[in-house]
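> Once you've had a glance at the structure underneath, I'll fire off some questions.
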Amino acid sequence: MHKDYLMRQIEFISTAVAELIFRKPSSRYEMQSEVRHSDSDLLYILLFNMLDKKNINGAENILFDMLEEDNKNHLLIAIDFYDRLNHMTDDELKRADFSRDEIDRGLREIKTIYGLPV
């Protein structure tokens, strides 16, 4: 029951940020260019390559190290990151040495950094 509650909370926060801040129905980050990548695009590529390799802890560390508080693209990348983690199975998270509680804590930290009321 705790897991279901956390999953719903994380989903709610991701959707609310996407709709309220970005005025879009999805929290997915879209790269600005396939040809010439911005700094945000490069962060996105790095994080999601690490996720593909199930290096969640390393990816989260890089996310917080490179996060720029005044960069809304970084906010969307962070929301997308935690939303994708939320869609992983418990077994996938466990094998990557990560938990839903850590997803929740990370997402709440992002909200605090960006001053989000959601």
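The values are calculated or read from the model by the stated rules, or taken from the named source; none is laboratory data. Values in this document were obtained by computation on a predicted structure and should not be read as measured data. FYI the Cβ positions are ideal-geometry reconstructions off the backbone, even for glycines, and counts take in every protein chain you see.
> Counting just the residues of the range 20-71 that are acidic (Asp, Glu) and farther than 23 Å from residue 115 by Cβ, which one comes out modelled with the lowest pLDDT? Spell out how you get there, then give the answer.
Within the range 20-71, the first condition is being acidic (Asp, Glu), and the residues that meet it are 30, 34, 39, 41, 52, 60, 65, 68-70.
From what is left, the residues that are farther than 23 Å from residue 115 by Cβ are 30, 34, 41, 52.
Details: 30: 86, 34: 73, 41: 94, 52: 94.
Restricting to residues being acidic (Asp, Glu) and farther than 23 Å from residue 115 by Cβ, the top hit is 34.
Conditions tested, residue by residue: (1) in contact (Cβ under 8 Å) with a residue 40 or more places away in the chain; (2) within 26 Å of residue 5 (Cα to Cα); (3) of a type in the set (Val, Ile, Thr); (4) in a loop (DSSP other than H, G, I, E, B).
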residue: 30; (1), (2), (3), (4): no, no, no, yes
residue: 35; (1), (2), (3), (4): no, no, yes, yes
residue: 48; (1), (2), (3), (4): no, yes, no, no
residue: 77; (1), (2), (3), (4): yes, yes, yes, no
residue: 83; (1), (2), (3), (4): yes, yes, no, no
residue: 91; (1), (2), (3), (4): no, yes, no, no
residue: 113; (1), (2), (3), (4): yes, yes, yes, no
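> Quick one: which residue in 72, 111, 94, 53 is buried (at least 16 other Cβ atoms within 10 Å of the Cβ) and among the basic types (Lys, Arg)?
Result: 111 is the single residue among 72, 111, 94, 53 that is buried (at least 16 other Cβ atoms within 10 Å of the Cβ) and among the basic types (Lys, Arg).
> Now, a different point. Only one of these conditions is not met by residue 62: (1) of a type in the set (Val, Ile, Thr); (2) touching a helix residue (DSSP H, G or I) at 6+ places or on another chain (Cβ under 8 Å); (3) surrounded by fewer than 17 Cβ atoms within 10 Å (Cβ to Cβ); (4) closer than 26 Å to residue 4 by Cβ. Which number is it?
Every condition holds for residue 62 apart from (4).
> Kindly evaluate residue 26 against the criterion of being in a helix (DSSP H, G or I), among the small types (Gly, Ala, Ser) and under 13 Å from the mean Cα position of the chain (by Cα). Write out each step before concluding.
Values: in a helix (DSSP H, G or I): no; among the small types (Gly, Ala, Ser): yes; under 13 Å from the mean Cα position of the chain (by Cα): yes.
Criteria not met by residue 26.
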